[in-house]
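A.B. asks: Provided herewith is a single structure, encoded as structure tokens, for subsequent inquiry.
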Amino acid sequence: MPSRLAGVGRSGASPPQPAAQGHLQPEDRMLKGQLPNMGKDLAAHPGSPPANNGQGPEKSPVLAPKLPAQISNEDPQAKATPFTPKPPPPRPRLERALSLDEKAWRRRRFPSSHEDLAARGGASPSRGSSQDEVPRPPAHTDSPHCLSASLQEIPTSRRAQGSAGGSPSSWGHCISGMVSTSLDILHRDGASARSPTRLPAVDQKVASGSLRPADRVDSGQADLKARLPSRLFRAHSSLGPGRPPSPLASEARSSFSLLAPIRAKDVRTRSYLEGSLLASGALMGAEELARYFPDRSMALFVATWNMQGQKELPPNLDELLLPAEADYAQDLYVVGVQEGCSDRREWETRLQETLGPRYVTLYSAAHGALYMSVLIRRDLIWFCSEVESSTVTTRIVSHIKTKGALGVSFTFFGTSLLFITSHFTSGDGKVSERLLDYSRTVQGLALPKSVPDTSPYRSDAADVTTRFDGVFWFGDFNFRLSGGRVAVEAILKQDLGEKVSALLQHDQLTQEMKKGSIFKGFQEPDIHFLPSYKFDIGKDSYDTTSKQRTPSYTDRVMYKSRHKGDICPIKYSSCPGIKTSDHRPVYGLFRVKVRPGRDNIPLAAGKFDRELYLIGIKRRISKELQRQQALRGQRSSSICTVS
């Protein structure tokens, strides 16, 4: 070796032992080939292997590796030409280390920089922090300064396998450990946080002289760490058929959403065959239904209200749409109105505002003073067919169309649904006219139109209610309580449980249903509320005018199912707090069984009332801002007094 290399050696170091040419370690065989020329760095850095025992300059048999230009920090012209007695056989490129099993490398535990310093200096980790030590010249190390940023994380047992002078075998250990450690760092930073240990960050203000060069990273490695983490992380996020781990269970940043991931092969093999029912990936099929309704039943809200044509709307509709008895909002809302207010758009806006941005208005229709609105959860709108409607007028001479029926139908997955709101003829003794209104409605509603019937062999051309899986008929049927006002008032003075059952014995609709003359095949949930008609506006008292109308259950909700047990009533009640009309709103909560459907129905394609949706959101925002401003005004106007 040149004299410059000889001047670095120390008298206390033992001479290096060259490795045999034919006996290499396993990792040396991985790295045999082009080793970089490190002659100038070996002479320039205190961590270079010694050339002799300090007696004088002599030639060293150790092969000097040749480092790339980006690793060396010395002058490229200050090169030393080593004496090479025999060139080594060709070795593979250094990049071959990247092809090793990454999982096996990640299972290795790397000591921290403090543990590594303690092992090299022979001190116990419990002797204190490196900041407390007195600065001293750097000790004899196995590696040059430029590699210390990666070599500080290599296990000491790996570097201790070679001689103290740093044989080619030890250099092979160091370089291979550097590559594997850098790869491990990239995976821990970008891909996952599953490593058993984390390497602490090195403080640049540490007083130890050995740690200061260890915190310096060359430009080439810094660029590699800037580019590779995101690339490895994104590639890892799409590997494997299983579902990726939840981002909440990992400390590392994750771009995974809480939505179920969609595999590419499912997109390629998705079936859109017409009429497919059991095909994998069918939009209306069983797989898609199980994702949203594992128990195959949805929550339905149905309400009816005779508004008496009042322009004034209640200040709050929470009692109607979000009753206190229901812990959760429903999947589908259907609201029918008789004698609706003059501003129908305002009424629909109030419904959208109350339910909020999680719901959209799927459809709304009107027939004179009859209104119906259908609102659905916005993530379920894709599974609805086109919505169809039909009307029937039962009072021919009336141009206002206050009496009649309005029907709305659509298919949800594979279950066809029909909703009818009606306003029958009024009057205590006009039972036959109301029966005639019912017959005209079931014969006059022309539904469905273009949406296929789910069970055509069970349908009847003379009865619209036989063409659907589920039918809900609600409205102001105007059936009264017979016996007169005096007899009804006497019953109302009894206890709640007793008077309801006693009142229903005088109910005209209940009697006609037992005869089978109306609502054939329909059922009604059990009634546990007081008559919804007729109240004094703004009061809880029944009619105190000169007409003295008899309190009655005029507002009802009926249901019919083609398959037994598909509709289950949950709650059936009225809203006594809404007093802007002489009728109280009546609502029902139901669980409806949903079946998988075919892909041959015309889809609604996500259509909804976008303008109404935006207006409802803006109103909710403005009201919330007004509420917050009012609260701030109350806090600022409060006066504290000291007694």
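A.B. asks: Every residue in region 455-468 that is of a type outside the set (D, E, K, R) and surrounded by 15 or more Cβ atoms within 10 Å (Cβ to Cβ), please.
C.D. replies: Matches in region 455-468: Ser459, Val464, Thr465, Thr466, Phe468.
A.B. asks: Can you find a residue that is under 25 Å from Thr304 (Cβ atoms), outside any loop (DSSP other than H, G, I, E, B) and either open to solvent by 20 Å² or more (accessible area, probe 1.4 Å) or of a type in the set (Phe, Trp, Tyr) (or both) anywhere in region 620-642?
C.D. replies: Scanning region 620-642 turns up no residue that is under 25 Å from Thr304 (Cβ atoms), outside any loop (DSSP other than H, G, I, E, B) and either open to solvent by 20 Å² or more (accessible area, probe 1.4 Å) or of a type in the set (Phe, Trp, Tyr) (or both).
A.B. asks: Given the criterion of a type in the set (A, V, I, L, M), out of contact with any strand residue (DSSP E or B) (no Cβ under 7 Å at 6 or more places or on another chain) and at pLDDT 95 or above, identify the matching residue among Leu332, Leu322, Leu277, Leu258.
C.D. replies: Among Leu332, Leu322, Leu277, Leu258, only Leu322 is of a type in the set (A, V, I, L, M), out of contact with any strand residue (DSSP E or B) (no Cβ under 7 Å at 6 or more places or on another chain) and at pLDDT 95 or above.
A.B. asks: Could I ask something else about it? Within region 295-309, is there a residue that is closer than 21 Å to Lys539 by Cα, open to solvent by less than 30 Å² (accessible area, probe 1.4 Å) and in a loop (DSSP other than H, G, I, E, B)?
C.D. replies: Yes, the conditions are met somewhere in region 295-309.
A.B. asks: A follow-up question, please. Restricting attention to region 481-535, which residues are buried (at least 19 other Cβ atoms within 10 Å of the Cβ), in a strand (DSSP E or B) and of a type outside the set (A, V, I, L, M, F, W, C)?
C.D. replies: Those that are buried (at least 19 other Cβ atoms within 10 Å of the Cβ), in a strand (DSSP E or B) and of a type outside the set (A, V, I, L, M, F, W, C): Asp507, Tyr533.
A.B. asks: Looking only at region 416-431, which residues are open to solvent by 10 Å² or more (accessible area, probe 1.4 Å) and either in a strand (DSSP E or B) or out of contact with any helix residue (DSSP H, G or I) (no Cβ under 7 Å at 6 or more places or on another chain) (or both)?
C.D. replies: Within region 416-431, Ser426, Gly427, Asp428, Gly429, Lys430 meet the criteria.
A.B. asks: Also, quick follow-up: Return the only residue of Ser409, Ser385, Ser416, Ser342 being of a type outside the set (Asp, Glu) and free of Cβ contacts under 8 Å to residues at least 40 places away in the same chain.
C.D. replies: None of the others qualify; the one that does is Ser342.
A.B. asks: Give me a count of the residues in region 433-465 that are in a helix (DSSP H, G or I) and touching a residue at least 24 places away in the same chain (Cβ under 8 Å).
C.D. replies: 11
A.B. asks: Just to be sure, is Pro452 open to solvent by 60 Å² or more (accessible area, probe 1.4 Å) and either more than 23 Å from Phe301 (Cβ to Cβ) or under 39 Å from the mean Cα position of the chain (by Cα) (or both)?
C.D. replies: So Pro452 fails the test.
A.B. asks: Also, I was wondering about something else. Restricting the search to region 522-580, which residues are more than 46 Å from the chain's Cα centre (by Cα) and acidic (Asp, Glu)?
C.D. replies: Of everything in region 522-580, those that are more than 46 Å from the chain's Cα centre (by Cα) and acidic (Asp, Glu) turn out to be Asp536, Asp543.
A.B. asks: How many residues does region 351-386 contain that are open to solvent by 30 Å² or more (accessible area, probe 1.4 Å) and either of a type outside the set (Phe, Trp, Tyr) or not in a strand (DSSP E or B) (or both)?
C.D. replies: Residues in region 351-386 being open to solvent by 30 Å² or more (accessible area, probe 1.4 Å) and either of a type outside the set (Phe, Trp, Tyr) or not in a strand (DSSP E or B) (or both): 10 in total.
A.B. asks: A further question on this structure: Please go through region 310-339 and give me each residue that is open to solvent by less than 10 Å² (accessible area, probe 1.4 Å) and small (Gly, Ala, Ser), ordered by number.
C.D. replies: Listed by number, the list holds a single entry, Gly336.
A.B. asks: Filter region 281-294 down to the residues that are in a loop (DSSP other than H, G, I, E, B), modelled with pLDDT under 90 and of a type outside the set (Gly, Ala, Ser) and list them by number.
C.D. replies: Matches in region 281-294: Leu283, Met284.
The values are calculated or read from the model by the stated rules, or taken from the named source; none is laboratory data. The shown structure was predicted, so the numbers you read here are calculated from the model rather than taken from an experiment. Please note: Cβ atoms are built from the backbone with ideal geometry, for glycine as well, and neighbour counts cover all protein chains shown. When the accessible area is computed, the model is the full protein with side chains, heavy atoms only, and any ligands, DNA or RNA have been set aside. Shrake-Rupley method; radii C 1.70, N 1.55, O 1.52, S 1.80 Å.
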